[in-house]
Amino acid sequence: MPNVASAANERFARKLGRAFNKLAEPCQFISASGAAPYQRGVSLQQTERDGSAEYVPEPVQVAEFLKADGAVNTGDLFELPLAENPAQQYQLTQLYESDQVSVSYIYIAY
C-alpha cells in the first residue's frame with residue numbers, strides 16, 4: 001500500500017522547489033571539493049537583530065540554496081553575475097538553517 005503522506009510531502013517539496021527557482025537569483029556556484037563550477041539559484045537574505053534575546057547577535061547575511069540542486073558545504077563559493085562587481089565572490093562560512101527543501105549558510109565577501 002503506498003504511503004499517501006510521503007507522496008504528498010514529496011509533491012509539496014517539488015512545488016516549493018519550483019517557487020524557489022522562480023524567485024532565486026542565478027549564481028555561479030564553485031564547490032570547495034574541486035568539482036566544476038555550475039549555475040544554480042540562490043536567495044540572499046539579511047537577518048534582523050533580535051532585541052528579545054539576552055544575547056543579541058549581530059545581523060548576518062544568509063544565502064539559501066535548494067538541496068535538490070546539489071550539495072552545499074562550508075567553504076563553497078558563489079558569484080552573482082548581476083552584481084556591481086561581477087568578479088566578487090562570496091564564501092559560505094557557517095550553517096545557519098536547514099529543512100527538507102533548502103539549506104542556508106552565513107556568507108561573507110571573499
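The values are calculated or read from the model by the stated rules, or taken from the named source; none is laboratory data. None of the values given here were measured: they were computed from a predicted structure. Cβ coordinates were reconstructed from backbone atoms using ideal geometry, including for glycine residues, and neighbour counts include every protein chain displayed.
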Within segment 15-29, take every residue that is assigned to a helix (DSSP H, G or I) and at pLDDT 80 or above and give me the one that is surrounded by the most Cβ atoms within 10 Å (Cβ to Cβ).
Phe20
Please list, ordered by first then second residue, the pairs with beta carbon atoms under 7 Å, 6 or more apart or interchain, first in segment 91-109 and more than 17 Å from Asn9 (Cα to Cα), second at pLDDT below 90.
Gln91/Tyr110; Ile106/Val60; Ala109/Gln88
